[in-house]
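Peer 1: I'd like to ask you about the structure that follows.
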Amino acid sequence: MALKAAWELALERTAKNSPPATKLSAAQKAKLAELDKLYTAKIAQEELTLKPKIAEARAAGDAEAATKFDDQLQMMLGRLRRKLEEEKEAVRKG
């Protein structure tokens, strides 16, 4: 009997606990791709809006404003990513 490596044991445990993979229809795959494209554009729009403001505030020596804009950007990106995952999960569930 051969001994198994720790990573092999961990892999077996996670395989037992993971839900079975579901097959997605072509329509679901298309909707997921559409959501990815839409949210990539929204994220890029937020970055294009706020990154210049962050750079401008830093150039002006206003660290407080730069931090405020950076926090705002991170909050918006997090919100958009959560929303994307929620919508993707809804599509996967049908």
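The values are calculated or read from the model by the stated rules, or taken from the named source; none is laboratory data. Keep in mind the model is a prediction, meaning the values are calculated, not measured. Ideal geometry is used to build each Cβ from the backbone, glycine not excepted, and the neighbour counts take in all protein chains shown.
Peer 1: Would you confirm whether or not segment 9-24 contains a residue that is exposed (fewer than 15 other Cβ atoms within 10 Å of the Cβ), over 13 Å from the mean Cα position of the chain (by Cα) and at pLDDT 95 or above?
Peer 2: No.
Peer 1: So, one more: Given (1) aliphatic (A, V, I, L, M); (2) without any contact (Cβ under 8 Å) to a residue 60 or more places away in the chain; (3) surrounded by 10 or more Cβ atoms within 10 Å (Cβ to Cβ), where does Ala59 come up short, assuming only one miss?
Peer 2: Failed condition: (3).
Peer 1: Also, I was wondering about something else. Taking into account only those residues within segment 62-90 that are surrounded by 12 or more Cβ atoms within 10 Å (Cβ to Cβ) and of a type in the set (A, V, I, L, M), which is nearest to Ala30 (Cα to Cα)?
Peer 2: Selected residue: Leu84.
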